[in-house]
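The next block holds one structure in the form of structure tokens; read it before the comments.
The values are calculated or read from the model by the stated rules, or taken from the named source; none is laboratory data. Everything quoted here is computed from the prediction, not taken from an experiment. Note that each Cβ is placed from the backbone with ideal geometry, even for glycine, and that neighbours are counted across all protein chains shown.
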Amino acid sequence: MGIVTADISTTLDGFASGPRQRLERPFGDLDEQPLHAWMFDHGDESRAEVDAIVDAGAFVMGRNMFSPHRGGWDLSWRGWWGEDPPYHAPVFVLTHHPRDPLEMQGGTTFHFVTDGLEAALDRARDAAGGRDVAVAGGATTVNACLAAGLLDELRWHVTPHVSGFSVADGHAGSRLFDGVPAGAMEAVSVRHTPHVTHLVLRRTG
């Protein structure tokens, strides 16, 4: 039986995205280049970690990971990734607004789940056929999984960059561990390159 995992890249101060997400800025006002350079510019240094991000039988993601829009769906929007997204498996998108499944090239189908995180994970487990289920982000969805005790393994990719956002600013963006209650996690491994530190943590309860 597979486990529930999540990969997430953050700044040193824990931000995975900034405020004001919009079409031309998927990560809002957070500079995406230093956040993801380890994957796209220096991927050979972290090939195993890059490959593991999409090595799952099914995925769950938050609405804002799929779309910059709020409210009802713009049905012309088909995701950030073009016609062949990298998942090549079922993806269950958390939303308050129903939408028919969206079949893409390469085996990816987006399913839009309106009855909550646990329902999305249940559907993803069924679809995964015994393989792992990956929570594809963003930080708000990863935090919800951590808070509910639903995440077995967190793969945290920390980049050597400070966002400059203030946690006192309610519009600062999405920060890993916000709203997650106190508790311990088991450190399984750590590896670093000049561009990223890879931490693997597992829940102890």
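Scanning the range 30-54 for residues that are in contact with a strand residue (DSSP E or B) (Cβ under 8 Å, 6 or more places away or on another chain), at pLDDT 95 or above and part of a loop (DSSP other than H, G, I, E, B) yields His42, Val54. If I ask for residues that are under 24 Å from Gly116 (Cβ atoms) and of a type in the set (Gly, Ala, Ser), which ones from the range 136-169 would you list? Of everything in the range 136-169, those that are under 24 Å from Gly116 (Cβ atoms) and of a type in the set (Gly, Ala, Ser) turn out to be Ala136, Gly137, Gly138, Ala139, Ala144, Ala147, Ala148, Gly149. Checked against the criterion of being closer than 17 Å to Thr193 by Cα, crowded, with 19+ Cβ neighbours inside 10 Å and over 11 Å from the mean Cα position of the chain (by Cα), the range 20-37 contains one or more residues that satisfy it. Just one of the listed residues (His161, His198, His192) is on the phi < 0 side of the Ramachandran plot, part of a strand (DSSP E or B) and touching a helix residue (DSSP H, G or I) at 6+ places or on another chain (Cβ under 7 Å), namely His198. When Pro194 is tested against the conditions (1) surrounded by 19 or more Cβ atoms within 10 Å (Cβ to Cβ); (2) modelled with pLDDT of 95 or more; (3) not aliphatic (A, V, I, L, M), the lone failure is (1). Give me the pairs, please: first residue somewhere in the range 180-203 and within 13 Å of Gly43 (Cα to Cα) and touching a residue at least 12 places away in the same chain (Cβ under 8 Å), second residue anywhere and assigned to a loop (DSSP other than H, G, I, E, B) and of a type in the set (Asp, Glu), beta-carbon distance under 9 Å, and either six or more positions apart or on two chains. From the range 180-203, the pairs are His195/Asp41.
With respect to (1) exposed (fewer than 10 other Cβ atoms within 10 Å of the Cβ); (2) touching a Lys or Arg at 6+ places or on another chain (Cβ under 9 Å), the lone exception for Ala168 is condition (2).
Does Ala144 satisfy being touching a His at 6+ places or on another chain (Cβ under 9 Å), in a helix (DSSP H, G or I), closer than 25 Å to Ser67 by Cβ and not polar (S, T, N, Q)?
Criteria not met by Ala144.
Does Ala172 meet the test of being touching a residue at least 60 places away in the same chain (Cβ under 8 Å), closer than 24 Å to Gly57 by Cβ and among the hydrophobic types (A, V, I, L, M, F, W, C)? So Ala172 does not fit the description; no. For the range 81-132, which positions are of a type in the set (Lys, Arg) and in a helix (DSSP H, G or I)? The answer is Arg123, Arg125. Those residues that are buried (at least 20 other Cβ atoms within 10 Å of the Cβ), of a type in the set (A, V, I, L, M) and touching a helix residue (DSSP H, G or I) at 6+ places or on another chain (Cβ under 7 Å), I need them from the range 132-153; list them, please. Across the range 132-153, the qualifying residues are Val133, Val135, Ala136, Leu151. Name the single residue, out of those in the range 64-119 being under 28 Å from Leu146 (Cβ atoms) and of a type in the set (Asp, Glu), that is surrounded by the most Cβ atoms within 10 Å (Cβ to Cβ). Going through the qualifying residues, I end up with Glu118. I'd like to know if the range 165-180 contains one or more residues that are in contact with a helix residue (DSSP H, G or I) (Cβ under 6 Å, 6 or more places away or on another chain), of a type in the set (Gly, Ala, Ser) and assigned to a loop (DSSP other than H, G, I, E, B). Taking every residue of the range 165-180 in turn, at least one turns out to be in contact with a helix residue (DSSP H, G or I) (Cβ under 6 Å, 6 or more places away or on another chain), of a type in the set (Gly, Ala, Ser) and assigned to a loop (DSSP other than H, G, I, E, B).
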